[in-house]
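Participant: Pasting a structure here, questions to come.
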Amino acid sequence: MTSDLGSGSERLERGPKLTEIIAQRIRRRILSGELRGGDHLPPESELMERFGVSRPTVREALSVLEAESLIRTRRGAHSGAEVRAPSLDLASRHFSLLLHYRGGRLRDLNASRVIMEPAIARAALSGDVESLIARLKELWVAEEQHIGKPVDFGRAANQFHLALAEFAGSEALYLSMQQQY
């Protein structure tokens, strides 16, 4: 005889997969600096034992981290997973791809800069103003040398804007101002 569980919905929420949990734990160690670029993760067999999971689960977790470019796996004599530090270049490329995919253009980046830069300049002026002005003058001269060369001028102009963000003292602002031309 079967028990009646009553009526109504008893949907269970899905918890994180073991793969996600393992990837999250390793990711946390990388982002905290406990694991640094160039370090090697333990062999798969050791990870299996440590986490109490199967080889496919460990491999899937490593695949997630590799897709995030936090590790690089190698086959052969020097096999295993090597930690890769998060890279600004990689983040910029991903941002650029996402912007293009969503129909954004360079003018959108410039428009966002126009909105953010007054606040960045105010923050930069709250620090070492003499050093800021000296650095911006250097970069202004560099920009002038590239007038008539759009790509080189764009790179030089970007260095000017990045210096402002750097002097503002906010890593988040500095990273958000990074652009690839």
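Participant: Using a/c under 1.5 as the rounded threshold, could you call segment 13-77 rounded, prolate or oblate? The axes a ≥ b ≥ c are square roots of the C-alpha gyration tensor eigenvalues, and prolate needs a/b larger than b/c, oblate otherwise.
Facilitator: oblate
Participant: Which one is right for this structure if Cα extents along the principal axes in Å is calculated from it: (1) 84, 55, 33; (2) 56, 34, 29; (3) 70, 37, 28?
Facilitator: Derived directly from the coordinates: (1).
Participant: Under 10 Å, Cα contacts only: if you run a Gaussian network model on the chain, which one of F160, F51, F95 comes out with the highest mean-square fluctuation?
Facilitator: F51
Participant: Does anyone have the angle between helix 106-124 and the longest principal axis of the chain? Alpha-carbon axes, 0 to 90°, nearest 10?
Facilitator: With rounding to tens, the tilt is 80 degrees.
Participant: To the nearest 10 Å², what's K137's accessible area with a 1.4 Å probe?
Facilitator: In the full protein context, K137 sits at about 140 Å².
Participant: Nearest 10 degrees is fine. How inclined is helix 129-144 to the longest principal axis of the chain, computing both from alpha carbons?
Facilitator: Result, in degrees: 80.
Participant: Each label point is 7 Å from the Cα along the Cα-to-Cβ direction; what then is the distance between the points at F160 and E44, in nm?
Facilitator: 5.4
Participant: Counting only protein heavy atoms, what percent of the accessible surface of the chain is carbon or sulfur at a 1.4 Å probe?
Facilitator: Ligands and nucleic acids excluded, carbon and sulfur reach 55 percent.
Participant: Can you tell which of V58, V151, V83 shows the greatest fluctuation in a Gaussian network model of the chain with Cα springs below 10 Å?
Facilitator: V151
Participant: Quick check on the chain: helices-only [θ] at 222 nm, where DSSP H runs of length 4 and up contribute -39,500 (n - 2.57) each and the sum goes over total residues. Nearest 500, please.
Facilitator: Rounded to the nearest 500, it is -19500 deg cm²/dmol.
Participant: Using a 1.4 Å probe, what is the accessible area per residue for segment 46-181, in Å²?
Facilitator: 66
Participant: Within segment 150-181, which residues have the backbone N less than 14 Å from the label spot 7 Å out from A111 along Cα→beta-carbon, could you tell me?
Facilitator: Answer for this model: none.
Participant: Taking only Cα atoms, what is the 0 to 90° angle, nearest 10, from helix 18-31's long axis to the longest principal axis of the chain?
Facilitator: Between helix and principal axis, roughly 30 degrees.
The values are calculated or read from the model by the stated rules, or taken from the named source; none is laboratory data. Here the structure is a predicted model, which is why all the values come from computation and not from measurement. Here the Cβ is made from the backbone with ideal geometry for all residues, glycine too, and neighbour counts use every protein chain on show. Calculation scope for accessible area: heavy atoms of the full protein, side chains included, ligands and nucleic acids excluded. Shrake-Rupley method; radii C 1.70, N 1.55, O 1.52, S 1.80 Å.
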